[in-house]
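Participant: One structure coming up, written as structure tokens, with questions to follow.
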Amino acid sequence: MPKKLKLLWQTNTGLQDWIREIFAPVIGEEITDGQHQIVLDDCLIVDTHLHRADPAYYPRFRGRNAFLIREPDEHFRDVSGIYVNFCGVFRMHYSGVFRRERVMPLPLGYGKGLGRQETPKPASRRKYVWTMLGQINKSSRPDAVQALLPIQPNFWYASDGWRPGTTTNAISVVENRPSASYREFQSESMFAPSPMGNIQQETNRPFEALEVGAIPLLEKRLFMDVHKSLLGPHPLPTFSSWNQAADFVRQLIRQPESLDRLQSDCLEWWSSYKCDLTRDIDAFVERHWQKPPASEEEFVRWYGQLPGWVFFEVLRHHSASALRRRIVRQARRLLEHGRLFERI
């Protein structure tokens, strides 16, 4: 019989469906606070932006049978003694600095309303080879779109107004906001380019794509393959450059049977992975039930205490072009606003 925890919501960032799916065996009653006031025993608290909360709040869980789901923290802002107040931490945005014994890494998963709803259409029968919607003018996203633009038919929409360079001959610019939903476009796409997020390789895109049967295209760095570290062995196509990804797509769309086979392999793996993840979550809670930690060293490796480790960790996520765009962006922010980082 799985242990049951009260699910205490301190944040609402759109990942409720994902959290409820993978934590289903251990969730009992759900309670919404949002004000950092409620403290409970046998509790699973969901929170983000921990660095902005009352610093006196989390120590009130010290010694209780409490667990933390740390929602996305790509800036690593909360490695500051907060985790030691909990029996265990489930953390989104992977880093090897965290010890898996007390910190269980979780994929970012999918946003609200983007979970599996129907049997996905075979990839070879879909309308678009690839689609990509959202902010594009950051990180390695322009590289992905530029490399894939000549492969038709495609559909992309840049919510930040980005336009391709003059070197491309492809004509597929969307002048107006698309009328169909993000989910509908992904459901009609063979591939889902999933370039890095704001500062880290992992985003929600690949997991949202898998829910509707699109094949994610992932990127990796010379010294870091985040998805392999996070997910273990997987069949999701992963590349060192977006030109490699484009060549792969061109080749596969000429082989419908191979295309559908890869789609099937990805979907079967994803379903199995989610089942295994749920069992691992249950086992993690069982293992740490009513076992508070002795010190922060149980959560963070020694180099997580060194000044500057976050800079080098984030640096490993960037390609040369993504790093160049970040430097330009940060310089502009410093000149215009007098600070290097957004206030979140």
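Participant: Name the residues in region 18-75 that are touching a His at 6+ places or on another chain (Cβ under 8 Å), of a type outside the set (D, E) and surrounded by 19 or more Cβ atoms within 10 Å (Cβ to Cβ), would you?
Facilitator: Of everything in region 18-75, those that are touching a His at 6+ places or on another chain (Cβ under 8 Å), of a type outside the set (D, E) and surrounded by 19 or more Cβ atoms within 10 Å (Cβ to Cβ) turn out to be Y57, F67, P72.
Participant: Checking the conditions here, which among Q251, Q330 is under 25 Å from L218 (Cα atoms) and over 20 Å from the mean Cα position of the chain (by Cα)?
Facilitator: Q251
Participant: Condition check: under 23 Å from D260 (Cα atoms), in a loop (DSSP other than H, G, I, E, B), in contact (Cβ under 8 Å) with a residue 60 or more places away in the chain and not hydrophobic (A, V, I, L, M, F, W, C). Does K138 satisfy that?
Facilitator: No.
Participant: Hey, can you tell me all the residues within region 16-52 that are in a helix (DSSP H, G or I) and either over 19 Å from P107 (Cα atoms) or without any contact (Cβ under 8 Å) to a residue 40 or more places away in the chain (or both)?
Facilitator: R20, L50, H51, R52
Participant: Something else about it: So, in region 5-15, exactly how many residues are surrounded by 16 or more Cβ atoms within 10 Å (Cβ to Cβ) and either free of Cβ contacts under 8 Å to residues at least 40 places away in the same chain or more than 14 Å from the chain's Cα centre (by Cα) (or both)?
Facilitator: So the answer is 7.
Participant: While we're on this one: Suppose we filter region 55-88 for residues that are within 18 Å of P105 (Cα to Cα), among the basic types (K, R) and at pLDDT 90 or above; how many remain?
Facilitator: Residues flagged as within 18 Å of P105 (Cα to Cα), among the basic types (K, R) and at pLDDT 90 or above within region 55-88 amount to 1.
Participant: Next question, about the same structure. Here are some residues: V79, V84. Which one is under 28 Å from F312 (Cα atoms), in contact (Cβ under 8 Å) with a residue 24 or more places away in the chain and not in a loop (DSSP other than H, G, I, E, B)?
Facilitator: Answer to the selection: V84.
The values are calculated or read from the model by the stated rules, or taken from the named source; none is laboratory data. Being a predicted model, the structure only gives us computed values, none of them experimental. Don't worry about glycine lacking a Cβ; one is built from the backbone with ideal geometry, like all the others, and counts go over all protein chains shown.
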